Structures are given as structure tokens and as C-alpha cells.
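The values are calculated or read from the model by the stated rules, or taken from the named source; none is laboratory data. In this text the structure is predicted, and so the values were computed from the model without any measurement. When we count neighbours, we look across all protein chains shown, and the Cβ atoms used for this are built from the backbone with ideal geometry, even at glycine. Side chains are part of the model used for accessible areas, which takes the heavy atoms of the whole protein and leaves out ligands, DNA and RNA. Shrake-Rupley method; radii C 1.70, N 1.55, O 1.52, S 1.80 Å.
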Amino acid sequence: MSEKSSASSKAYNRFPLGASWIFSAILVSFLVSGWFFDAYDNLLSLNSYILCSESHNIYTVDELRPRVECISIKGSTIIDTGSFDEVTERGLLRSGLFPHLPNLVLKIIHRSPRVFKVNPQSVVVPGLADAHAHILQYGFMKELSLATTTSIEGVVERIKEYILAHPDILNDKTRWIQGMGWDQTKWPGALFPTAADLDQDPLLKGRPISLSRVDVHAKWVSPRVLELMGDLPDKVDGGSIVRDTDGRPTGIFVDNAMALIPTPEWTEDRMTQFFETTMRDALAHGLTSIHDAMSFPDYIQFYKKKADEGKLPNRLYLMGHSPSNDYWGAQIPQLIDYGKHGRLTVRSVKLVTDGALGSWGAALLEPYSDKPDFSGLILTPPKELSDLVHKFWKDGFQVNIHCIGDRANHVVLDIFEDIMSNHGANATEWRPRIEHAQIMTMEDLQRSGKLGVLASVQPTHATSDMAYAETRLGPDRIKGAYAYQTLLQASPNHVLPLGSDFPVESINPLLGFYAAVARLYVDGSSPHGEGGWYPQEKLTRAQALKGMTLDAAYASFAENSLGSLTPGKKADFVVFDGDIMTIPFADILKTKVSATAIDGKVVYGSL
Ligand SMILES: *[C@@H]1O[C@H](CO)[C@@H](O)[C@H](O)[C@H]1NC(C)=O
Ligand SMILES: [Zn+2]
């Protein structure tokens with residue numbers, strides 16, 4: 001027997017026998033009364049709190065109670081919403097202790113749960129979702145972002161800074177330099193750059209450099225990369241190699257031709273670094289769910305490992321992807337609310353029909369208005385696309401298809417319609433999605449609604465493209481482009497999930513919210529003036545908020561657990577320091593996140 005325990009038994013014996021007996025009796029009665037512990041826990045509110053807004057600025061996105069004063073949270077779940085009196089009184093009843101005592105007495109003996117009050121001008125909304133984004137590419141782009149460059153010289157300067165800031169790259173001319181975010185439509189002349197542009201500066205000369213266009217549908221490479229690539233095919237299906245008048249490649253590779261570029265694969269360490277960058281920025285901007293629009297099988301394994309380790313700070317909804325036109329369903333595991341915190345879901349795939357508008361890759365029914373001999377690129381031939389969609393549907397995958405041009409949308413609606421009309425697919429159960437749904441004929445806008453196909457749109461694409469979209473499309477086709485209000489009205493249950501396509505656009509969901517409700521540049525102007533570009537296609541603020549919450553949840557089969565502040569759902573919410581539902585448009589852009597909570601826990605900022 002050690003000295004320590006003999007000392008403590010001596011101390012114990014100092015209590016008179018009677019007192020110790022009574023003590024034990026009380027303890028036993030506590031132990032046998034399991035209900036008492038539950039009630040006690042509720043009374044002490046160990047993992048519960050109430051969040052209130054005196055100005056009733058809690059926008060729930062719940063039709064039954066759209067604006068409330070308080071929400072009450074226990075653990076990871078919302079247990080109640082209503083006025084302060086309502087949620088506290090119902091909380092007492094729920095505690096189950098002394099149900100026969102009058103409320104007044106209960107209130108006196110009750111130790112109040114923690115109550116947090118937000119500022120009267122702040123708002124609380126459900127945790128925001130981004131229904132279309134590229135998680136690892138965002139972290140990757142942050143490494144060497146060209147998003148703010150406005151000329152070729154600007155790009156070169158940016159790369160020089162990057163090289164000088166990374167001695168390991170500076171001293172090793174064989175190291176690949178990969179950047180992202182250039183956009184020739186912002187440059188003088190608006191022409192594609194060339195490989196030679198990347199060899200002008202002695203610091204860049206001879207280095208392998210590969211720079212993705214902002215939409216990731218074209219890459220611009222250096223002469224060294226062209227050398228490494230050797231002989232190139234004359235043609236690439238669903239892609240193009242831009243050539244000069246002598247037929248020599250200029251250094252621009254569009255869509256499927258990008259696969260020819262021998263960029264090194266990402267190591268797991270780099271993926272982790274990219275992932276952490278994205279998660280940090282996502283939570284700081286109020287995102288609690290992200291739909292990853294192109295998860296290759298190795299990405300899925302990476303996320304799965306993170307989920308097993310409980311290291312997913314956000315809810316992730318992955319769209320599996322492989323560039324192959326042979327069926328690859330076996331490479332995509334189906335996981336629902338998977339992992340230590342149940343935050344990973346994989347039950348959908350992403351297919352790609354065409355390219356993007358900025359690089360004339362969007363597949364159009366008629367030629368481009370500013371390129372009359374060209375109508376874009378179909379990346380996957382319709383027959384192969386149809387076979388893939390059938391197989392994925394049979395294997396239980398939601399099928400989400402990238403379609404920009406009116407031809408791409410048309411082809412895909414034909415495929416979806418065939419499966420639903422002739423093969424018995426049920427739209428409510430299957431929830432097929434068109435990603436972007438950017439340019440549609442008037443008939444197809446209505447047809448997509450009738451079929452129950454979900455249009456997953458990115459409002460910032462409208463404002464990023466509005467300077468040149470009409471030049472590309474002409475005055476008629478533009479009416480069916482970025483037609484968000486028309487799409488929403490065409491949808492039988494009014495579902496229009498919104499996303500950003502980050503890193504193509506900013507990760508900040510308030511920019512998408514602003515673009516959807518104002519259809520203005522961030523400086524308040526537009527090609528149609530201060531009233532917004534094609535203003536009849538604006539969304540109301542309530543519609544936009546629902547698109548970023550409940551509709552995105554619906555598009556990921558999660559409307560019963562996410563997307564609104566409703567009792568029984570997950571306690572994911574955001575506090576903004578301004579009332580985005582009423583303040584002038586320009587102030588939306590100044591609004592900041594004060595707190596982001598997921599599963600009831602504040603993971604960014606504070607309450
Ligand atoms: C489709 O599925 C939903 C949900 O299971 C069901 O309510 C609906 O009746 C089905 N529609 C048809 C046409 O079978
Ligand atoms: Zn995308």
C-alpha cells in the first residue's frame with residue numbers, strides 16, 4: 001500500500017460513520033435515477049445554448065417560421081426556434097424535471113442555459129453551401145494566382161515575384177511553375193497569349209511553366225513545356241491546340257488538349273496544404289457545405305482518409321469524376337454522411353459536355369456571333385455521354401453534367417428526358433443536375449423545369465461574363481443566358497442551387513449573393529446601368545438565400561438535415577455583421593462573417 005492511498009483512507013475515516021452512509025445513499029439514488037441525470041444535464045445545459053437576436057434577425061429559411069428571435073441548440077442539433085420566452089419555456093418542459101411544478105418555480109430553480117445575443121444589426125442565417133466548387137484547385141490557385149492581372153506583362157511580373165519568393169524554385173530551373181487565373185478578355189486586345197511571352201524575361205526563360213485560364217478550360221504553357229511535349233497530334237477530340245498561321249502550336253491548349261501537358265502529379269502533402277487553405281477560407285466566409293464538382297478517385301481517397309481522422313472542418317459533397325469515356329463507376333465509392341463526424345457524402349458523379357464561353361469552348365446550336373465559323377466544342381460525344389448517364393443512373397449515382405452552351409444543354413436534356421420517359425427514372429429520387437445551365441434556348445429553360453432537372457448555377461458567372469457574353473452570343477441567345485429567375489420559376493418545386501465555381505470565382509458567397517440579387521459589377525455598374533444587367537433575371541434576396549442553403553441541400557439529398565434553421569436539423573449557422581436581407585446592395589459587399597458554426601460548434605470567429 002502506498003503512502004498516498006493510506007493518507008487518503010485516513011482522511012476518509014475522519015467522517016463520522018452516519019454522514020458517510022447518508023452520502024452513499026444519495027449517491028446511489030442519483031445512480032439509479034437515470035432520468036435525473038438526463039434532466040440534470042438539461043438543466044445545467046452542459047452542451048446547450050440559445051442564440052438570440054433582439055431584432056428578430058434570425059432568417060431561418062424555414063417557411064413555417066421564417067424569422068425568429070432565438071434558436072436553441074443542443075449538441076450538434078437545433079432543438080427549437082421561436083421567441084426567447086417560447087424556447088426557454090419549452091426547454092424547461094423538455095428538461096422533464098418536476099413536471100408538476102408551475103413554470104414560475106421551475107424558472108427560479110432552473111440554471112439558465114448559456115444565451116448568446118448577436119448585435120441588433122447582425123443577422124443569423126443557416127450555414128451557407130457552395131453547390132459547385134473545386135476544393136483542392138482553390139488551395140492550388142492561392143499559391144500563384146493570376147486573378148488580378150490585367151496584361152501579359154502583369155502575369156510575367158507576378159511569376160517573377162513568385163520565383164524570387166521561393167528560393168527552391170529560383171535555384172532549380174527544372175521545377176514546374178503552375179499558376180492559375182489569367183483571363184485574356186481583361187487584357188488590351190483580348191487575344192490569347194503565346195508561349196514566347198513566357199520566355200521574354202531572363203528569370204522565366206527556359207523554365208517549365210503551365211498557367212490555367214481562369215475557367216480552367218485552357219492552359220498557357222512556356223516554350224520549355226512545348227519542348228517537353230515533343231510531337232503533338234494534329235487534332236484532339238473535344239479539345240484544340242491553338243496554332244499560328246504556319247501551323248505551329250502557340251502554347252495554348254483548350255479543353256481535352258490540356259491532357260497532353262505533362263504536369264507533375266500532386267503529392268499527398270501538397271493536397272493537404274491546398275485542402276487546409278481552402279477549408280480555412282471557406283469557414284471564414286460562412287461556408288459550411290461544399291459540393292466538389294470534380295473529385296478524381298485519388299481525391300476521394302484523400303477526403304475519405306480525412307473523414308476517418310475526423311479532419312473535415314466542412315461538410316463535403318463530392319461529385320466523382322474521371323476523364324475516361326469508359327464506365328468508371330467502380331472507382332467511385334458511395335458514402336453517405338461518412339466519417340468520424342458524418343460530414344462526407346459521395347453519391348454523385350460529374351460528367352462534362354462542353355467547354356466554356358470565355359475560350360469559345362461552349363457548344364452552341366448556331367455559330368458564335370463573334371466567331372462565325374465556330375460553334376464550340378463537345379467534349380464527350382452525345383452517344384458516349386448517354387451510355388455513361390444510363391450506367392451511372394442504374395448504379396444509383398446522381399448524375400451532374402457540365403453544360404454551358406445551348407447545344408450542350410439541349411443534348412443533355414434529351415438524355416435525361418429519355419431516361420425519365422422511357423426507362424422509368426424518377427426525377428425526385430434521382431435529382432439529376434445540370435452544372436452551370438448557362439445558355440439555354442427558351443424551350444429548354446422550360447423543359448428542364450418540367451423534367452425536374454436541377455439547374456445548378458453560379459451567379460458570379462453572369463457578372464463576370466456580362467461584359468462580353470452578348471458579343472459572343474448576339475441579342476437573341478443572350479435572353480436565355482444566365483436566366484436565373486426564369487429557371488427558378490420553371491422548376492416545379494422552385495429549387496435553384498447556387499454556387500461560385502471557386503477558384504474560377506471568389507470563394508466569398510456574399511459576392512454570389514450580390515451578383516444574384518443586383519446583377520452588377522462590384523462597383524455598382526453594369527452594361528445596362530445601375531439597375532443591373534437583364535434585371536428581370538435577378539433573384540430576390542430570399543430566393544438567393546434559399547439557393548445558397550435549402551436548395552443546395554436539396555441538390556445533395558440533405559434537405560432533411562441541412563439548409564434551414566429548423567428543429568431537428570444540424571446546427572450549422574453563420575452570423576453576419578450586417579443585415580444582408582435589407583441593406584443597400586453596395587453594403588452587402590462590406591458585410592463580414594462574425595461567426596461560423598458547424599454541428600453547433602463555433603469554428604470561425606465568435607458569438
Ligand atoms: C417519384 O418519387 C417520389 C419520392 O419517392 C414519389 O413521391 C413520387 O410519387 C414518384 N413519382 C412517380 C411518377 O413515380
Ligand atoms: Zn466547375
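The residues in the range 170-195 that are open to solvent by less than 80 Å² (accessible area, probe 1.4 Å), more than 19 Å from Glu227 (Cβ to Cβ) and in a helix (DSSP H, G or I) can be counted, and the count is 3.
Of all residues in the range 215-251 being of a type in the set (Val, Ile, Thr) and within 25 Å of His436 (Cβ to Cβ), which is modelled with the lowest pLDDT? Let's see the steps before the verdict.
Taking the range 215-251 and keeping what is of a type in the set (Val, Ile, Thr), we get 216, 221, 225, 236, 241-242, 245, 250.
Checking which are within 25 Å of His436 (Cβ to Cβ) leaves us with 216, 236, 241-242.
Values: Val216: 84, Val236: 91, Ile241: 96, Val242: 95.
This residue is Val216.
Of all positions in the range 435-445, at least one carries a residue that is closer than 20 Å to Leu388 by Cα and either surrounded by fewer than 21 Cβ atoms within 10 Å (Cβ to Cβ) or not small (Gly, Ala, Ser) (or both). The residues of the range 427-448 that are more than 16 Å from ligand 1 (Cβ to nearest atom) and part of a helix (DSSP H, G or I), listed by number, are Met442, Glu443, Asp444, Leu445, Gln446, Arg447, Ser448.
Conditions (1) within 16 Å of ligand 1 (Cβ to nearest atom); (2) under 28 Å from Phe576 (Cα atoms); (3) charged (D, E, K, R); (4) open to solvent by 10 Å² or more (accessible area, probe 1.4 Å), marked per residue:
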| position | (1), (2), (3), (4) |
| --- | --- |
| Leu451 | yes, no, no, yes |
| Ala469 | no, no, no, no |
| Leu473 | no, no, no, no |
| Ile478 | no, no, no, no |
| His494 | no, yes, no, yes |
| Leu510 | no, yes, no, no |
| Tyr521 | no, yes, no, yes |
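Does the range 409-428 hold any residues that are closer than 22 Å to Gly547 by Cβ and either away from ligand 2 (no atom under 16 Å from the Cβ) or touching an Asp or Glu at 6+ places or on another chain (Cβ under 9 Å) (or both), and which are they?
Quick first cut of the range 409-428, residues closer than 22 Å to Gly547 by Cβ only: 409, 412-413, 416, 427-428.
Within the range 409-428, Asn409, Leu413, Phe416, Ala427, Thr428 qualify.
Can you pull out the residues in the range 217-260 that are of a type in the set (Val, Ile, Thr), in contact with a strand residue (DSSP E or B) (Cβ under 7 Å, 6 or more places away or on another chain) and open to solvent by 10 Å² or more (accessible area, probe 1.4 Å)? Answer for the range 217-260, where residues must be of a type in the set (Val, Ile, Thr), in contact with a strand residue (DSSP E or B) (Cβ under 7 Å, 6 or more places away or on another chain) and open to solvent by 10 Å² or more (accessible area, probe 1.4 Å): Ile241, Val242, Thr250. Being of a type outside the set (Val, Ile, Thr), touching a Phe, Trp or Tyr at 6+ places or on another chain (Cβ under 7 Å) and more than 16 Å from ligand 2 (Cβ to nearest atom) is the requirement here; does Arg447 meet it? Taking the combined requirement at face value, the residue does not satisfy it. Quickly run through the range 438-480 and pick out the residues that are closer than 18 Å to Ala544 by Cβ and hydroxyl-bearing (Ser, Thr, Tyr). Within the range 438-480, Ser456, Thr460, Thr463, Ser464 meet the criteria.
Where strands (runs of 3 or more DSSP E) fall wholly inside the range 306-354, the ranges with 1 or more residues that are open to solvent by 40 Å² or more (accessible area, probe 1.4 Å) are 335-338, 344-352. State whether the residues of the range 396-404 include one that is more than 29 Å from Glu366 (Cα to Cα), away from ligand 1 (no atom under 16 Å from the Cβ) and either out of contact with any helix residue (DSSP H, G or I) (no Cβ under 9 Å at 6 or more places or on another chain) or in contact (Cβ under 8 Å) with a residue 12 or more places away in the chain (or both). So far as the range 396-404 goes, yes, one or more of its residues are more than 29 Å from Glu366 (Cα to Cα), away from ligand 1 (no atom under 16 Å from the Cβ) and either out of contact with any helix residue (DSSP H, G or I) (no Cβ under 9 Å at 6 or more places or on another chain) or in contact (Cβ under 8 Å) with a residue 12 or more places away in the chain (or both). Restricting Thr463, Thr380 to those that are modelled with pLDDT under 95, open to solvent by 10 Å² or more (accessible area, probe 1.4 Å) and either more than 16 Å from ligand 1 (Cβ to nearest atom) or assigned to a helix (DSSP H, G or I) (or both) reduces the list to Thr380.
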